[in-house]
Amino acid sequence: MKILFPIAVLFSFSVNAQHLPKFTDDIAMKLAEKPLKCINQEYPNKTAHIINNEKEAILTPAALHPSFYGCFDWHSSVHGHWMLVRLLKSKPDLANKKEIIEIVEASFQPEKIKEEAAYFTKYEISANFERTYGWAWLLKLDEELMTWDHPQAKIWHQNLKPLTDEILRLWKNYLPKQTYPNRTGVHPNSAFAMAFALDWARTSSDRIFENQLMEKAKYFYLKDHKTPAYLEPDGSDFFSPSLEIADLMRRILPQKEFVKWFNGFYDKKSIANISEIPIISDINDFQTVHLVGLSFSRAWTMKGISKSLPENHPLKKQFATTSDKFLSNALPMLFQGNYGGDHWLASFAVYALSEE
């Protein structure tokens with residue numbers, strides 16, 4: 001399928017698979033428009049709230065989630081906020097900086113965040129809401145604030161604390177009971193969430209949570225061998241199940257042990273398959289557009305894995321080059337679809353572009 005891109009977009013994004021597209025202020029502004037538009041857009045909305053009685057049936061998204069009601073669903077709103085914070089932090093001269101600050105400030109009002117935290121105990125069966133994809137992005141948002149030495153960031157970090165503490169409590173309770181990992185290519189994927197959680201645990205010096213995650217990761221994945229990545233992807237994947245596992249294990253294992261594990265994890269057939277650009281048959285379909293996100297997540301996982309491999313490893317350069325290829329291919333598609341991609345894809349793009 002041939003897709004034609006506007007000249008301006010092609011000019012902004014290098015499509016040369018050998019070179020990483022430049023994350024300029026202009027591109028950052030264009031990407032920022034996506035969450036800025038949808039964070040206060042309540043409908044359409046996929047609440048994922050389990051209605052326990054008729055009184056709950058009339059609750060609106062904003063009534064359930066006063067901070068994170070927009071962008072179609074809770075987790076997309078959360079990582080939309082993460083993206084805006086990342087841009088404020090890494091691109092301090094953006095022309096739309098004032099608008100971004102106003103949006104984030106309104107969402108991080110203490111009373112709203114307290115209500116967000118209360119949601120997880122206020123309703124029956126709400127303790128597993130957004131487990132663990134949304135939880136992971138909430139911790140990534142908090143990590144971004146923790147690592148930003150700015151007075152406003154310190155206030156936002158403190159305001160977010162009741163919700164962060166609640167997510168942490170839920171995760172620490174859940175992890176020992178999680179017998180099996182979710183190996184899907186969509187939201188419930190365990191390896192993706194655990195990688196983000198591990199980043200947060202190390203940043204916040206939570207050694208208990210860090211050790212929990214490391215031990216569970218080894219229990220889940222250390223014996224994995226010859227993963228069938230030649231079967232990826234499923235029709236609506238935005239994660240590569242195998243690459244998410246490898247991206248987690250590089251964080252867990254010393255380099256020598258990781259290389260030994262990694263060499264047994266993939267075979268040539270699977271490497272060839274996960275290096276192929278996903279075919280997007282209908283970018284306007286809310287599920288098929290997930291495959292654009294797959295290119296972004298493959299880009300950031302391959303980038304991270306490449307950096308973790310020793311200089312003499314045969315896949316180090318290949319993964320770095322392939323990462324750039326995925327990124328260059330996916331970026332123009334951000335401006336070709338509809339709300340099915342607009343409400344979330346820019347966050348994936350920013351993470352892939354800026355994660356070191």
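What to note about this one:
- Gyration tensor analysis over the Cα atoms of the stretch 130-247 returns equivalent ellipsoid semi-axes of 28, 16, 12 Å (largest first, whole Å).
- Kirkwood radius and radius of gyration were both taken over the C-alpha atoms of the stretch 64-197, and their ratio Rg/Rh is 0.97.
- Charge tally in the Cβ shell below 14 Å around G134, where Lys, Arg are +1 and Asp, Glu are -1, G134 excluded: -2
- Rounded to two decimals, the Cα-based Rg/Rh of the stretch 91-151, with Kirkwood Rh, is 1.06.
- Scoring 229-235, 54-60, 286-292, 136-142 by mean Cβ neighbours within 10 Å over their residues and listing the highest first yields 136-142, 286-292, 229-235, 54-60.
- Listed pairs K112/K218; K97/K218; K98/K307; K22/K140; K37/K161; K34/K218 exceeding 31 Å between Cα atoms: K112/K218; K97/K218; K98/K307; K34/K218
- Rounded to the nearest angstrom and listed largest first, the equivalent-ellipsoid semi-axes of the stretch 200-356 from its Cα gyration tensor are 27, 19, 15.
- Accessible area expressed per residue, the chain, with surrounding protein chains retained (probe 1.4 Å, Å²): 44
- Potential lengthening between A127 and Q255 on full extension [0.36 nm per residue; Cα-Cα distance subtracted]: 42.4 nm
- For the stretch 37-85: Kirkwood Rh in Å [reciprocal of mean 1/r, alpha carbons]: 11.0
- Rg/Rg_globular for the stretch 35-130, with Rg_globular taken as 2.2 N^0.38 Å and Rg from C-alpha atoms: 1.16
- Accessible surface of the chain, 1.4 Å probe, proportion on carbon and sulfur as whole %: 54
- Most to least packed among 83-91, 111-119 [average Cβ atoms within 10 Å]: 83-91, 111-119
- Pair-distance profile P(r), taking every C-alpha pair of the stretch 194-277, with 10 angstrom steps and integer %: 17, 44, 30, 9
- Comparing M29, M302, M194 in a Gaussian network model of the chain (Cα springs below 10 Å), the most mobile by mean-square fluctuation is M29.
- Taking a Cβ cut-off of under 12 Å around V78, the surrounding Lys, Arg, Asp and Glu residues balance to a net charge of -4, with basic ones at +1 and acidic ones at -1.
- Once you divide the Cα radius of gyration of the stretch 269-347 by 2.2 N^0.38 Å, the number left is 1.18.
- Its Cα gyration tensor gives the chain an equivalent ellipsoid, and the semi-axes of that ellipsoid, as √(5λ) in whole Å with the largest first, are 30, 26, 20.
The values are calculated or read from the model by the stated rules, or taken from the named source; none is laboratory data. These numbers come from a predicted model, not from an experiment. Backbone-built Cβ (ideal geometry, glycine too); neighbour counts: all protein chains shown. All accessible areas refer to the heavy atoms of the entire protein, side chains included, with ligands and DNA or RNA removed. Shrake-Rupley method; radii C 1.70, N 1.55, O 1.52, S 1.80 Å.
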